[in-house]
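Report on one structure; see the data block that follows.
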Amino acid sequence: EGSGLAMDPHGGHYLNKAALLSPLGAARIAQLVLGCSTMSLVAHQAGYSANYGIFCMFVWCFCFAITAVVFTLDVTRLHGCMPISWDNFTVAFAMLATLMYITASVVYPVYFLRFECPSGRCEERDYRIAVTVCSSICCFAYGAEVFITRAKPGHVVGYMATVSGLLKVVQAYIACIIFGALANDSEYNRYIATQYCVVIYSLCFAVTVVVVALTVTGRTSALRFPFDRFVVIYTFLAVLLYLSTAVIWPVFCFDKKYGTLQRPSGCPQGKCPWDSKLVVAVFTYANLVLYIADLLQGACYLIAVTICSSIWCFAYCAEILLIQAKQDNMMRYMIAVSGQFKVVQAFIACIISVALAIDSKYSQYSTPALHHQCDDSFIRCLKFYISHVVLWHHLCYHLHLPSCIAIHTPDYFFDKKYGMVCPLEKCSWDSILVMTVSTCASLVL
């Protein structure tokens, strides 16, 4: 008994009370309760059959099982032993479960719910209504988890919690819906053009899954190329590829030369190739919109900043012109061109300082490809620049020889003679290029 009392403090240390008493914990408990209720109602009286019923039952069982594992690992803090990025995994699964529950909540009542009671027995209908209600409410429980764990301003989160990461999950899920429709007598093998569309669907789906898998497993930092740039380039190519399928698929499925625009009258419900072709066309456009949104959401901030900066620049230029126009011949020094050049030179010096220091701040960004610490090679490169180039800067300034600044700055970085001292493959090319261009611009001024 005494040993049992002694273990109480240690047991409390290993249990995560926040997993139970937080809004996230409440959302997961609701997911477990509603998921268990849905499966129990279906197994007891509501019933299911055919492929659509099997799919719905798989969704409810799969999401309940994974949620139970996630909840248990979070409460016991054992998720730290798993070789994955836990935050990325949980938000990705929550998004996937939300989509799967939405699909099941639509498919089940469409194929199994009838408002009329056969033979006057309404018990089965009532159970199926309860199943639909519990499944629909569980959608909001999983959606609440996505809302709670999503990226917020000022917080460092994983890539999957960002808008781009969540869109990747939706894109992969919609691709799965397209594959299901293709497998359901879609007749895609009749033309080479439709087979090309299937290749595009498969290629984009495979790359998207690889991006999600690398992020969830935390392997993005081990890649030999910038992961965030790869994602942007892939998204741009996916937009172009999906744009081609959005044109080709409807032409070879609904044009009079290759198919029919109207649904055939004798086509059976649930086994009609025309229905599968329509589903593929609709979700092709849906995925195209998602890829475009994924591409634009990262660029919208840059576009807004560029527009505001341009307007601000023109406003200051207009102010300078107005001040000069109002002055007489006896102008003060700062109003003259020489004085204004001094301001520009000081600003360029600030740009050079920022380029020197920016690489040491990579760990503050939330982008996965930049989530790493700088290595010793860059530190040596930075010290080399400070001890030599800055020394040359002061010496040349006092000797009134500004041209040597622009000469020696690129020499120490781009000349093969110094390659072993300052390895460029370990340093940031962007910062070096900014320093070189800014120094030459200062020389011109």
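The values are calculated or read from the model by the stated rules, or taken from the named source; none is laboratory data. Owing to the predicted nature of the structure, the values given are computational and were not obtained by experimental measurement. Here the Cβ positions follow ideal geometry from the backbone for every residue, glycine too, while neighbour counts run over all protein chains shown. The area values use the complete protein model at the heavy-atom level, side chains included, leaving out ligands, DNA and RNA. Shrake-Rupley method; radii C 1.70, N 1.55, O 1.52, S 1.80 Å.
Data for the structure
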read-out: Flagged links, alpha-carbon separation over 25 Å, of 17/168; 257/277; 168/271; value: 17/168; 168/271
read-out: Sequence of 152, 257, 277, 168 when ordered by accessible area, the most exposed leading, probe 1.4 angstrom; value: 257, 152, 277, 168
read-out: Accessible area in square angstrom per residue, the range 14-157, 1.4 angstrom probe; value: 52 Å²
read-out: Net charge dipole size for the range 14-157 [Lys, Arg +1 and Asp, Glu -1 on Cβ; Debye, nearest 20]; value: 200 debye
read-out: Cα gyration tensor shape for the range 14-157, rounded if a/c is under 1.5, else prolate or oblate; value: prolate
read-out: Rh (Kirkwood; distinct C-alpha pairs) - the range 83-170, Å; value: 14.8 Å
read-out: Order of exposure, largest accessible area first, which applies to 116, 145 with probe 1.4 Å; value: 116, 145
read-out: For residue 204, net neighbour charge (Lys/Arg +1, Asp/Glu -1) across residues whose Cβ lies under 13 Å away; value: 0
read-out: Rounded, prolate or oblate (a/c below 1.5 giving rounded, otherwise prolate when a/b exceeds b/c) for the range 111-241 by Cα gyration tensor; value: oblate
read-out: Length gained when the stretch residue 117-residue 237 is fully extended (0.36 nm per residue, less Cα-Cα span); value: 38.0 nm
read-out: Counted charge near residue 163, where neighbours are those whose Cβ lies closer than 9 Å (Asp, Glu -1; Lys, Arg +1); value: 0
read-out: Relative contact order (percent, whole number), the range 14-157, Cα cutoff 8 Å, 6+ residue spacing; value: 39 percent
read-out: Estimated FRET transfer efficiency (residue 65, residue 269; beta-carbon r; R0 22 Å; 0.05); value: 0.10
read-out: The range 104-251 - percent of accessible surface contributed by carbon and sulfur, probe 1.4 Å; value: 69 percent
